[in-house]
Amino acid sequence: MVHTMTKREHRELIASFVALHEGLTRASHALANGEIALVELELERARKVVATGAPPLTVPEAAEELGVSRPTVRSWIAKDLLDVVADTSPQRVTFASVRQLKERLGSPVSG
């Protein structure tokens, strides 16, 4: 079953992509000017935009991203290792919590 986005969710997603694009543009200009500290700052801001603006993942999506089984993801949810988005059906977890757990597990971070 595909999650249908509300108009508000769609606007928020678009705003996230706009902010991400602007940050990457600033980082690109800073890199061209040799301003490495500014590049690092813009990339960190971009990571935050992705973490807060990304849609939540279903259990199967989280399992695929983490390279584990669905029961493992459910176990990690029960152990509060992944943040559940309230009132979602099917149950969804935040993108940020999946990324954080993936980094803690030492898995290579993609995309």
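The values are calculated or read from the model by the stated rules, or taken from the named source; none is laboratory data. All values derive from a computational prediction rather than experimental measurement. Positions of Cβ are generated from backbone atoms using ideal geometry, with glycine treated the same way; all protein chains shown enter the neighbour counts. Ligands, DNA and RNA are stripped out before the accessible areas are found, and what is left, the full protein with its side chains, is counted by its heavy atoms. Shrake-Rupley method; radii C 1.70, N 1.55, O 1.52, S 1.80 Å.
For the reader, a short list of remarks on this structure follows.
- In the complete set of protein chains, residue-level accessible area for Lys79 is approximately 130 Å², probe 1.4 angstrom.
- Listed residues Arg11, Arg47, Arg70, most fluctuating in the chain (Gaussian network, C-alpha, under 10 Å): Arg11
- Each Lys and Arg adds +1 at its Cβ and each Asp and Glu adds -1 at its Cβ; summed about the Cα centre, the chain shows a dipole of about 260 debye.
- Once the gyration tensor of the Cα atoms in the chain is diagonalised, the equivalent ellipsoid follows with semi-axes of 29, 19, 10 Å, ordered largest first.
- Annotation for segment 19-62: GluC sites (Glu not before Pro) lying in DSSP loop with at most 15 further Cβ atoms inside 10 Å of their Cβ are Glu35.
- Dipole axis of the chain (+1 Lys, Arg; -1 Asp, Glu on Cβ), positive-most option in Val18, Thr58, Phe95: Thr58
- Relative to the dominant Cα principal axis of the chain, helix 7-32 is inclined by about 40°.
- Rolling a 1.4 Å probe over the protein heavy atoms of the chain, with every protein chain left in place, gives an accessible area that is 57 percent carbon and sulfur.
- Accessible surface, the chain, averaged per residue in Å² (probe 1.4 Å): 69 Å²
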